[in-house]
């Protein structure tokens with residue numbers, strides 16, 4: 001009897017080993033097939049057959065590293081001689097980076113090439129918790145996306161934006177008053193943190209009718225929760241961390257889940273409150289929240305799913321409306337602090353247009369031409385979103401390199417911005433690049449993406465950024481705190497790694 005049981009156990013083990021071996025062989029053959037399929041595309045030697053080029057990227061996950069994933073890609077591209085395309089293999093994923101404007105134009109304006117879910121899944125869900133789910137950024141069904149985009153476009157119409165000058169100015173005035181409390185020329189101030197609070201105050205008030213008291217209350221945890229959630233997108237997207245069971249990893253996961261649940265619960269309460277007001281016949285503002293609710297009626301699914309998609313949009317607009325503009329302003333201040341000649345020209349324009357006014361009108365915005373050039377050049381070098389991804393519907397040809405249908409491609413604006421082929425003295429901060437109204441090299445510059453799925457809030461963000469930057473420069477003299485590193489990291493969006501630390505002095 002005992003020998004029979006042993007025989008059964010050995011038989012089961014042999015079958016299990018055979019299954020594991022068969023899976024291993026299948027994975028090996030599949031990876032070999034993929035490597036052969038793309039062998040004609042420029043790529044660096046792979047440190048590992050199975051992990052591919054992942055070792056190159058591991059450095060960017062290290063909290064102590066000063067090299068972001070974008071800089072790693074830049075170095076790889078440069079080592080290859082800056083070809084129009086190059087390739088990365090990582091585990092089972094193959095990614096093709098494209099730096100050719102004609103290919104950008106060909107693909108991103110053709111709706112047949114969808115966004116690849118593989119690159120947006122950590123926006124949709126983090127550790128199994130719904131984050132932006134089926135929001136505009138991550139909705140893969142084009143028809144479903146288009147119906148909601150048309151409705152939400154109304155919230156960003158020019159008339160709506162002109163009506164936002166009051167809240168833009170009110171939040172900025174409150175922001176300036178808060179900074180004045182610390183503007184003694186000696187106190188180290190983290191502008192990244194303050195810009196985050198200001199932009200969060202703006203988006204919460206003008207988009208959702210919420211007053212979170214973010215600017216005055218520096219101990220508010222709301223903006224920190226948004227930042228934790230953004231960090232979670234990078235961490236949860238690293239497949240090797242799935243097997244990290246350390247106490248630090250568990251704590252990080254718990255913090256991310258807590259932040260995401262908290263943000264979504266606030267969204268649920270906010271949406272339910274507005275729906276109750278609408279149902280009772282109360283007059284409600286024609287803001288983003290109202291249009292999110294209207295767009296939610298176009299969602300395929302039951303009432304529960306409609307509500308979840310509305311919360312998806314709420315969450316998406318919150319983190320996008322805060323983080324991207326705040327990061328752009330931080331990079332702009334760093335660039336201005338390192339280029340006093342640019343700051344001087346900017347101050348002359350702002351003094352001429354704004355003077356000693358504390359209110360910037362919509363007409364003033366259009367006169368701040370050099371301010372706009374400064375922001376455009378900031379976005380060229382340090383765009384919060386560094387590329388666009390698509391899954392090819394059909395084969396394409398990029399300067400003689402055939403990229404087959406089904407491939408995941410990234411149009412990498414971060415790399416294109418640093419290529420002498422497209423920009424003279426590409427690494428220099430030179431706002432005069434944007435002096436002309438001509439759309440020169442428009443397909444190498446796309447901080448808000450291009451095509452039908454470009455950023456819905458780009459004009460909102462650029463008006464807000466001009467108001468805040470102009471008021472900041474007209475109110476303060478500033479110098480960058482010596483000794484800080486001007487490196488950057490990519491945590492969902494690109495940002496200065498050490499923030500933007502300054503000493504402020506109020507102008508008399």
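The values are calculated or read from the model by the stated rules, or taken from the named source; none is laboratory data. Everything quoted here is computed from the prediction, not taken from an experiment. Positions of Cβ are backbone-derived with ideal geometry, glycine not excepted, and every protein chain shown enters the neighbour counts.
Candidates in the stretch 1-47 are the residues that are part of a loop (DSSP other than H, G, I, E, B) and in contact (Cβ under 8 Å) with a residue 12 or more places away in the chain; of these, the one that is surrounded by the fewest Cβ atoms within 10 Å (Cβ to Cβ) is 40.
Inspection of the stretch 136-154 identifies no residue that is crowded, with 20+ Cβ neighbours inside 10 Å and under 14 Å from residue 203 (Cα atoms). Would you say residue 287 is modelled with pLDDT under 90, within 16 Å of residue 457 (Cα to Cα) and surrounded by fewer than 20 Cβ atoms within 10 Å (Cβ to Cβ)? Yes, satisfied. Tell me, please, whether a residue that is at positive phi, within 27 Å of the chain's Cα centre (by Cα), surrounded by fewer than 18 Cβ atoms within 10 Å (Cβ to Cβ) and modelled with pLDDT under 90 can be found in the stretch 85-100. Yes, that holds for at least one residue.
Only residues that are closer than 22 Å to residue 200 by Cβ and surrounded by fewer than 16 Cβ atoms within 10 Å (Cβ to Cβ) were counted across the stretch 254-283, and they come to 7.
When you look at residue 163, is it more than 19 Å from residue 327 (Cα to Cα), without any contact (Cβ under 8 Å) to a residue 24 or more places away in the chain and surrounded by 14 or more Cβ atoms within 10 Å (Cβ to Cβ), yes or no? Yes; evaluated as a whole, the condition is true for this residue.
Please tell me if residue 50 is assigned to a loop (DSSP other than H, G, I, E, B), at pLDDT below 90 and either out of contact with any helix residue (DSSP H, G or I) (no Cβ under 6 Å at 6 or more places or on another chain) or under 17 Å from residue 88 (Cβ atoms) (or both).
On the way: assigned to a loop (DSSP other than H, G, I, E, B): yes; at pLDDT below 90: yes; either out of contact with any helix residue (DSSP H, G or I) (no Cβ under 6 Å at 6 or more places or on another chain) or under 17 Å from residue 88 (Cβ atoms) (or both): yes.
Taking the combined requirement at face value, the residue satisfies it.
Determine, yes or no, whether residue 308 is surrounded by fewer than 23 Cβ atoms within 10 Å (Cβ to Cβ), on the phi < 0 side of the Ramachandran plot and part of a helix (DSSP H, G or I). Yes; evaluated as a whole, the condition is true for this residue. Return yes when residue 449 is within 29 Å of residue 193 (Cα to Cα) and in a helix (DSSP H, G or I) and no when it is not. Taking the combined requirement at face value, the residue does not satisfy it.
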